[in-house]
């Protein structure tokens, strides 16, 4: 079987995609893109992903896919028997897509604003204000996730791990005040630990140097 190529970087959205590739048992190689040296802005990388974003996933036929959420859904649907996400006809499929789209549309941009405010505003006061707003957005989404998912189940969709959980923990690991969040919502600690405990996730998250499960 031809290989997939994942263009990745430490602490990047490629963490969840690598977990999906391992879970799906698809042959793949990893090509690191040095974000610190602005390698993602080079002509060579933009020829792969014109948006200059990490990650990018080259499929065996040469097609390049961007957006980590799209990659996870695509890989999940390639091997539905492996259970990365509920199948397209399953009732839980709608809930899974709802969380993935919510995370991608609100949480991911908030993380970008929190860590790179200089890309959006000028001046220290404006940067701090944007950080505060981004943190508030992540707190609101965490509250929603706890209320509508973790207060009822071990994982987002029930008692079985899915890529929704992997995506959620990746985003949680980037929260600017994760310790404070976990003190306020301690159920997140157990959830975080349960997701990290999966060996497929552990391999990908360790490779990407994501924050280990927090301790209170």
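A compact table of results
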| item | result |
| --- | --- |
| Residues of segment 166-183 classified as farther than 29 Å from residue 7 by Cβ and without any contact (Cβ under 8 Å) to a residue 40 or more places away in the chain, total | 4 |
| Residue selected from segment 99-120 under the condition more than 14 Å from the chain's Cα centre (by Cα) and surrounded by 13 or more Cβ atoms within 10 Å (Cβ to Cβ), by the criterion farthest from residue 13 (Cα to Cα) | 120 |
| Test: residue 12 is touching a helix residue (DSSP H, G or I) at 6+ places or on another chain (Cβ under 7 Å) and under 21 Å from residue 202 (Cα atoms) | no |
| Residue, nearest to residue 17 (Cα to Cα), within segment 109-141, restricted to residues that are in contact (Cβ under 8 Å) with a residue 60 or more places away in the chain and touching a helix residue (DSSP H, G or I) at 6+ places or on another chain (Cβ under 7 Å) | 111 |
| Tally of residues being over 13 Å from the mean Cα position of the chain (by Cα), assigned to a helix (DSSP H, G or I) and touching a residue at least 40 places away in the same chain (Cβ under 8 Å) across segment 185-216 | 7 |
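One line per residue, one yes/no per condition, for (1) in a helix (DSSP H, G or I); (2) not assigned by TED's automatic domain parsing to the domain that holds residue 171:
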residue	(1), (2)
19	yes, yes
31	no, yes
44	yes, yes
48	no, yes
51	no, yes
73	yes, yes
110	yes, no
113	yes, no
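The values are calculated or read from the model by the stated rules, or taken from the named source; none is laboratory data. Everything numeric in this text was worked out from a predicted model, so none of it was measured. As a convention, Cβ positions derive from the backbone with ideal geometry for all residues, glycine included, and neighbour counts pool all protein chains shown.
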